[in-house]
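Structure, as structure tokens:
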Amino acid sequence: MTPRRNKAKVSPALLPFGRRFRRFREAKGWSQENLARRARDGEGVTPQYIGAIETGRTRCTREFTEAMDEILEADGELIALWDDLVKDAAFPVWFDWVSIEEMARALESWQTMLIHGLLQTPAYAAALLHGNTEAIEARLKRQEILVREDPPDCTFLMDEGVLYREVGGPEVMRDQLEHLLNPPSNRVTVQVVPSHGEHIGNVGSFTVATLEDLTEVAYVETVARGFTMGEVEDISEVRRALREIRSLALPVGQSADLIRRTVKERWT
């Protein structure tokens with residue numbers, strides 16, 4: 001499913017916090033890059049993440065805010081604003097998942113029916129999107145995060161049935177499965193989960209993103225649309241499902257063997 005993109009890109013609750021955050025940064029005479037390098041005890045974050053906080057496009061943790069308050073010498077003002085504005089600010093239903101994907105340090109995905117969009121070949125994507133050029137280009141552009149200088153750590157778990165579900169014909173499937181055997185980054189892990197009807201993952205597909213301040217956001221797919229969630233209780237449930245699914249997954253090597261065998265026996 002293609003994440004639905006809407007005009008609204010910022011949260012009304014997060015925007016005032018971001019504006020004040022930016023004023024403290026500018027008062028120090030620092031660019032977003034300067035501040036980003038000082039974050040997380042010098043380990044740093046990306047300037048894009050600082051920009052997303054300042055423009056209300058993401059929600060940082062209280063721990064991150066406390067560190068920024070000290071670095072920016074805000075005398076507790078940022079912490080107080082976080083408690084007033086950010087603490088209870090839910091990610092709105094229109095929150096743009098693509099921006100979360102771009103900022104993520106790690107992505108963990110479970111797919112019940114199809115190859116994840118970040119791993120789709122152009123032909124596989126074209127078949128799913130019925131030749132919609134704009135949608136195909138948008139999906140393929142998302143994959144650029146896997147080949148950038150510092151890609152996120154990605155774990156893609158998929159139901160075994162995905163390997164057998166024909167999309168676009170045998171040639172498309174063969175190329176697609178062979179693509180899974182040659183991921184674009186050494187930070188990409190692909191594992192197959194043998195099909196079982198009992199585990200909780202059969203409810204539907206989802207992806208969990210871990211941001212640079214260790215905030216977690218989940219993208220969950222439904223028949224109507226995909227939506228994001230960031231509440232602790234929701235993330236806890238998604239994490240519980242992910243742990244159960246992981247426990248059933250074949251090791252990476254066995255997963256690759258199964259994919260090769262499927263290419264040979266079914267799509268060649």
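The values are calculated or read from the model by the stated rules, or taken from the named source; none is laboratory data. Just so it is clear, the model here is predicted, and its values are computed rather than measured. Neighbour counts run over all protein chains shown; Cβ positions are idealised from the backbone, glycine included.
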Of the numbered conditions (1) at pLDDT 85 or above; (2) outside the structural domain of residue 208 (by TED's automatic domain parsing); (3) in contact with a Gly (Cβ under 9 Å, 6 or more places away or on another chain), residue 82 fails exactly one; give the number of that condition. (3)
Given the conditions (1) in a loop (DSSP other than H, G, I, E, B); (2) surrounded by 15 or more Cβ atoms within 10 Å (Cβ to Cβ); (3) at pLDDT below 95, every one holds for residue 12 apart from (2)
State the number of residues belonging to the stretch 22-35 that are more than 25 Å from the chain's Cα centre (by Cα) and part of a helix (DSSP H, G or I). 7
In the stretch 55-79, the residues that are of a type in the set (Lys, Arg) and either on the phi > 0 side of the Ramachandran plot or assigned to a helix (DSSP H, G or I) (or both): 62
Among the residues of the stretch 189-210, the number that are closer than 21 Å to residue 261 by Cα and modelled with pLDDT of 90 or more is 6
Looking at (1) within 24 Å of residue 185 (Cβ to Cβ); (2) surrounded by fewer than 19 Cβ atoms within 10 Å (Cβ to Cβ); (3) in contact (Cβ under 8 Å) with a residue 12 or more places away in the chain, can you tell me which one residue 71 breaks? (1)
Has the stretch 86-100 got any residue that is within 18 Å of residue 210 (Cβ to Cβ), modelled with pLDDT of 95 or more, surrounded by 19 or more Cβ atoms within 10 Å (Cβ to Cβ) and among the aliphatic types (A, V, I, L, M)? no
Consider residue 113 carefully, then state whether it is surrounded by 20 or more Cβ atoms within 10 Å (Cβ to Cβ) and either among the aliphatic types (A, V, I, L, M) or modelled with pLDDT of 95 or more (or both). no
